[in-house]
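Notes to accompany the following structure.
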Amino acid sequence: MTKVSMNVNGKAVSGDVPDETLLSEFLRENLRLTGTHVGCDTSQCGACVVHVNGKAVKSCSTLAVSLDGADVMTIEGLSSGELHPMQIAFNDNHGLQCGFCTPGMIMSGVDMFNRYKAEGKELSSDAIRAELEGNICRCTGYHNIVKSIEDAAAKM
Amino acid sequence: MSTKIGDRVKRKEDKRFTTGKGKYTDDIRNDNQAYSAFVRSPHAHANVKGIDASAALAMDGVIDVLNGQQLTGDGIGNIICGWAITSKDGSPMNMGDWSALATDKVRYVGDAVAMVIAETQALARIAAEAVKVEYEELPAVAGVLASKADGAPQVHENAPGNQIFDWELGDETATDAGLASASHITSLELTNNRLSPNPMEPRSAVATYDDAEEHYTLYTTSQNPHLARLVLSAFYNVAPEHKLRVIAPDVGGGFGAKIYIYPEEIACLWASMKTNRSVKWTSDRSEAFLTDAHGRDHVTTAQMGFDADGKIVGFKVDTLANIGAYMSLFSSSVPTYLYAPLLSGQYDVQNIHCNVRTYYTNTAPVDAYRGAGRPEATYLVERMMETAAREMGMDPAELRRRNFVQSFPHQTPVLMAYDAGDFPKILDMAQKSADVAGFAARKTEAASRGKLRGFGYSTFIEACGLAPSKAAGSLGAGVGLWESAEVRVNPVGSIEILTGSHSHGQGHETTFAQIVADRFDIPVENVQIVHGDTDKVQFGMGTYGSRSAPVGMSAVVKAMDKVEAKVKKIAAHALEASEDDIVIEGGEVKVAGTDKAMAWHEVGLAAYIAHDLPDGMEPGLKESAFFDPVNFSFPSGAFICEVEVDPDTGKTKIIQFTSADDFGTIINPMIVEGQVHGGVAQGIGQALLEQVIYDDDGQLITGSYMDYTMPRATDLPFFTVQHHETPSPNNPLGVKGCGEAGAIGSPPAVINAITDAIGTNDLAMPATPQAVWRAIQSAGKSVVAE
């Protein structure tokens, strides 16, 4: 057991966890933040994407104890009160069906927007598709996910 | 603001999903939660000689290790197939025994042998590794051709030669005569590749036994919780039906894989009683590949004959279907009644004969996956039409047009009576949108860059709205396929709809509310949809086979008819008018042509206050209905795919995918288009990327997302989706169902386009770059485009 402390969605949290505990398990089981989903076991599907120190990571492939002192943001922390433009865009553009991959899609979408903005690059639909390499959706055929991220990017 | 049928209403359910507040089965955690892991066979075929759980039981935190002998000893019954198919010689199908935990024999890699219950999930898995099972390995068989061969290992003792049934549909003599009269015959041998449905949410179950009440609660990833309860109680003897509550909360996709009642749900329920703990199991993706029912896996040879005018004169089909190691719940219906009746396609064909033989193999069970039988039929028919057109030197669209059914209803020689459609119209729409006229120029331009362009059609029909109960029963179904609904108007006028349909991505909370808002002219926000809980909703049949709109919504409409009749009686009484003069509009119930009116909610209140109701009327405003369809519904579509192949690498790029669909009445175009996008994506996945592969010994090769290629965003284009509505006359809304069309119609359009591009027809799915490159090389085609 190792004590780990981090800041999750703006709140200081800590816990004693086995060293092998994944961030996704720490979020889901210790903190009961079940919006972060686990859809595979090979770090392929991206349903578990959260932001660590402002960058998208796959929480299923990150050890909780490696993140002592980190700032973590999950889908639950993306907005308070008013929805985030990315969340609104997914509703406006029918960017989700079953909703299981959605938290990871939204967190990846926000991350790619931030990176492209910082680099002064255009987030085109082709770029969005390429950036979604690590996020799998089985419901939408990605059509409306790409539209959602494009729409949000235009408004953010 | 009133909401109408046909409006693009944004989804009511989205907020909880976009904010991480969805509630899926694995999100449930009970106070006395324990976790389970299954000990699974690493062998495709073996005798189980002994199980030594002592090391696992000795671990701190391990609660129990349970096995198949204990399970059957407690009277838990075998898993059954619910659709009885009779062979053409009159004999029943050979269904082998399937215990939720194997007793003496394992028949596929992943077959569950024992179950560990522990205080944490990690511990359960570690302990499962410590359970020692002594196996005596047996020869295994994985493919349907190997299973059929003389001397093949026997999977079940009661299925000689591994054959489950030998079934036929249609008139063989007439079909042979038709073929004999043909001026041209096209022959094809096709495989329909085996797929894994892959809903993104892995299967999960949380079972809790209450020993004081002798009552069980099961949260599970199900498309049909009532059906699960019925089967778990009536057939598997896990719990009496009235002592079992099944809840399917938010479910992250199904695509067929979550119809069936799997060993894990049975085992978790039973284990919760044995241990007096709440027992959870959540599949990981590797387990999903091993144990979720797979789809497709057909090998077919067929001949289609044409007269000199290009009219089809006979279609003869011989199909071998791989059922896997056990017969899953609807496995027998998929390659039979969901397949052969669709072989007439959109065409007026007089003579069709189809022979289907099904076989056991040492692989995971095969059952319905999005489309279920209809994609297999469509792939065959539409590959056949395109191939025949090329052989006869005809335009493939023109050959289709010559054979289109022109008037409705249309009776095919393979059971179906098509309800409504306009096949020339939707093909026109697709051709216009796909710019057929400009294709030659685009092909030339691509050739100038060294690329091969191809154009492929698929004009298809499907049978949805499963299904008329009497007809289904006469064909062997063990259940009726109606749907139920309850409409509860509250005293304040808001409405709850309780439906047996289940939404696992389809957006029912929006579309079902939309038909209510349209009918009673109230805000869509004032309508709440309740589903997925057997304690709340009366018995219903669930969601599969694109049945929620044609069957589920029809039950809602029937119940709304009753509500409306009562509302009019109450208002007529209160307003001192004739009920024939009462109209419901603008949030009011009023006397037509007068200013006499009651607000909608006042009628609700009057019904419950009951101080002044018409003589003899019961208080309250709540009605229920069961709807049993009189026929299937028949959505149709015309798909056109344009591809560009790089001859140097064999890589295919989908340049354009155009659909023109006829789903009858459309409730919400936004949601319907989303269903088409997702279905087409899965069909393109089948055509280009996906295949479950077992080696000859029955070891699963494609057991993760590192090996099984799921379509990703870069594999797919934006889709062009259009609609033409010919309402179905067989249900009150005129809807036909839209969930499966994309997956049914798209694979042949893609393969027709690639084979057009590369100039050889010898190409199987999935058309991976390697497969396409090899096809080009074998055909000896020049790779230098002019």
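The values are calculated or read from the model by the stated rules, or taken from the named source; none is laboratory data. Please read all numbers here as calculations on a predicted model, not as lab measurements. Because the Cβ atoms are built from the backbone with ideal geometry, glycine has one as well, and the counts that use them run over all protein chains shown.
Yes/no matrix, rows are residues, columns are (1) touching a residue at least 40 places away in the same chain (Cβ under 8 Å); (2) among the small types (Gly, Ala, Ser):
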position	(1), (2)
A:14	no, yes
A:54	yes, yes
A:66	no, yes
A:79	no, yes
A:90	yes, no
A:94	yes, no
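With the checklist (1) surrounded by fewer than 19 Cβ atoms within 10 Å (Cβ to Cβ); (2) within 14 Å of chain A (Cβ to nearest Cβ); (3) touching a strand residue (DSSP E or B) at 6+ places or on another chain (Cβ under 9 Å) in hand, flag the one item residue B:759 doesn't pass.
Going through the list (1) surrounded by fewer than 19 Cβ atoms within 10 Å (Cβ to Cβ); (2) within 14 Å of chain A (Cβ to nearest Cβ); (3) touching a strand residue (DSSP E or B) at 6+ places or on another chain (Cβ under 9 Å), residue B:759 breaks only (2).
Does segment B:547-570 contain at least one residue that is acidic (Asp, Glu), outside the structural domain of residue B:371 (by TED's automatic domain parsing) and over 30 Å from residue B:738 (Cβ atoms)?
No, there is no match, as no residue in segment B:547-570 is acidic (Asp, Glu), outside the structural domain of residue B:371 (by TED's automatic domain parsing) and over 30 Å from residue B:738 (Cβ atoms).
Got a sec? Which strands (runs of 3 or more DSSP E) wholly within segment B:436-540 have at least 1 residues that are not assigned by TED's automatic domain parsing to the domain that holds residue B:635?
In segment B:436-540, the matching strands (runs of 3 or more DSSP E) lie at B:483-489, B:495-499, B:527-530.
Among (1) crowded, with 19+ Cβ neighbours inside 10 Å; (2) closer than 17 Å to residue B:546 by Cα, there is one condition residue B:725 misses while meeting the rest; what is its number?
It is condition (1) that residue B:725 fails.
Is it the case, given these coordinates, that residue A:36 is over 23 Å from residue A:132 (Cα atoms), touching a residue at least 12 places away in the same chain (Cβ under 8 Å), hydroxyl-bearing (Ser, Thr, Tyr) and within 11 Å of another protein chain (Cβ to nearest Cβ)?
It is false that residue A:36 is over 23 Å from residue A:132 (Cα atoms), touching a residue at least 12 places away in the same chain (Cβ under 8 Å), hydroxyl-bearing (Ser, Thr, Tyr) and within 11 Å of another protein chain (Cβ to nearest Cβ).
Determine if segment B:705-712 includes at least one residue that is outside any loop (DSSP other than H, G, I, E, B), in contact with a Cys (Cβ under 8 Å, 6 or more places away or on another chain) and either touching a residue at least 60 places away in the same chain (Cβ under 8 Å) or closer than 26 Å to residue B:464 by Cα (or both).
No, that holds for no residue.
Checking residue B:69 against (1) without any contact (Cβ under 8 Å) to a residue 60 or more places away in the chain; (2) buried (at least 21 other Cβ atoms within 10 Å of the Cβ); (3) more than 14 Å from chain A (Cβ to nearest Cβ), which test does it fail?
Exception for residue B:69: condition (2).
In segment B:260-275, how many are touching an Asp or Glu at 6+ places or on another chain (Cβ under 7 Å) and among the aliphatic types (A, V, I, L, M)? Show your work before the answer.
Here is the first cut: in segment B:260-275, the ones touching an Asp or Glu at 6+ places or on another chain (Cβ under 7 Å) are B:260, B:270, B:274-275.
Of the ones still in play, those that are also among the aliphatic types (A, V, I, L, M) are none.
Selection size over segment B:260-275: 0.
Looking only at segment B:440-474, count every residue that is buried (at least 18 other Cβ atoms within 10 Å of the Cβ) and either in contact with a helix residue (DSSP H, G or I) (Cβ under 9 Å, 6 or more places away or on another chain) or of a type in the set (A, V, I, L, M, F, W, C) (or both) and tell me the total. Show your work before the answer.
Here is the first cut: in segment B:440-474, the ones buried (at least 18 other Cβ atoms within 10 Å of the Cβ) are B:443, B:446, B:451-468, B:472.
Adding the requirement that they be either in contact with a helix residue (DSSP H, G or I) (Cβ under 9 Å, 6 or more places away or on another chain) or of a type in the set (A, V, I, L, M, F, W, C) (or both) leaves B:443, B:446, B:451-467, B:472.
Selection size over segment B:440-474: 20.
Could you check, for segment B:666-682, whether at least one of its residues is closer than 30 Å to residue B:146 by Cβ and at pLDDT 95 or above?
yes
Taking segment B:647-669 only, how many residues are out of contact with any Pro (no Cβ under 8 Å at 6 or more places or on another chain) and charged (D, E, K, R)?
Of the residues in segment B:647-669, the ones out of contact with any Pro (no Cβ under 8 Å at 6 or more places or on another chain) are B:647-648, B:653, B:658-660, B:666-669.
Checking the rest, the ones that are also charged (D, E, K, R) come to B:648, B:653.
So the answer is 2.
Considering only segment B:689-720, state which residues are more than 9 Å from every other protein chain (Cβ to nearest Cβ) and either among the small types (Gly, Ala, Ser) or more than 25 Å from residue B:293 (Cα to Cα) (or both).
B:698, B:703, B:720
Quick check, is residue B:39 more than 32 Å from the chain's Cα centre (by Cα) and either modelled with pLDDT of 95 or more or at positive phi (or both)? Spell out the reasoning first.
Numbers: more than 32 Å from the chain's Cα centre (by Cα): no; either modelled with pLDDT of 95 or more or at positive phi (or both): yes.
No; evaluated as a whole, the condition is false for this residue.
Looking only at strands (runs of 3 or more DSSP E) that lie completely in segment B:1-91, which have at least 3 residues being more than 30 Å from residue B:201 (Cα to Cα)?
Fully inside segment B:1-91 and qualifying: B:46-52.
Give segment B:1-18 a look and list any residue that's surrounded by 21 or more Cβ atoms within 10 Å (Cβ to Cβ), more than 24 Å from the chain's Cα centre (by Cα) and facing chain A (nearest Cβ under 8 Å), or say none.
Result: B:18, single match.
For residue B:630, which of the numbered conditions (1) within 27 Å of residue B:726 (Cβ to Cβ); (2) of a type in the set (Val, Ile, Thr); (3) part of a helix (DSSP H, G or I) fails to hold?
(3)
What are the pairs with Cβ atoms under 6 angstrom where one residue, in segment B:763-777, is surrounded by fewer than 19 Cβ atoms within 10 Å (Cβ to Cβ) and the other, located anywhere, is charged (D, E, K, R)? Sequence gap at least six, or different chains.
B:769/B:651
Got at least one residue in segment B:32-46 being within 13 Å of chain A (Cβ to nearest Cβ) and farther than 25 Å from residue B:510 by Cβ?
Yes - at least one qualifying residue is present in segment B:32-46.
Rundown of residues vs (1) of a type in the set (D, E, K, R); (2) surrounded by fewer than 19 Cβ atoms within 10 Å (Cβ to Cβ); (3) within 23 Å of residue B:121 (Cβ to Cβ), yes/no style:
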residue: A:43; (1), (2), (3): no, yes, yes
residue: A:61; (1), (2), (3): no, yes, yes
residue: A:81; (1), (2), (3): no, yes, no
residue: A:87; (1), (2), (3): no, no, no
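So which of B:160, B:153 is out of contact with any Phe, Trp or Tyr (no Cβ under 6 Å at 6 or more places or on another chain), more than 20 Å from residue B:291 (Cβ to Cβ), at pLDDT 95 or above and surrounded by fewer than 16 Cβ atoms within 10 Å (Cβ to Cβ)? Steps first, please.
Values: B:153 fails: surrounded by fewer than 16 Cβ atoms within 10 Å (Cβ to Cβ).
One residue alone meets the criteria, B:160.
Restricting segment B:420-435 to residues that are aliphatic (A, V, I, L, M) and assigned to a helix (DSSP H, G or I), which is nearest to residue B:382 (Cα to Cα)?
Going through segment B:420-435, the residues aliphatic (A, V, I, L, M) turn out to be B:420, B:426-427, B:429-430, B:434.
Then drop every residue that is not assigned to a helix (DSSP H, G or I), which leaves B:426-427, B:429-430, B:434.
Details: B:426: 16, B:427: 14, B:429: 18, B:430: 16, B:434: 18 Å.
Here the residue is B:427.
Within segment A:83-129, which residues are at the interface with chain B (Cβ under 8 Å from one of its Cβ atoms) and over 22 Å from residue A:37 (Cα atoms)?
Residues satisfying the conditions are A:92, A:125.
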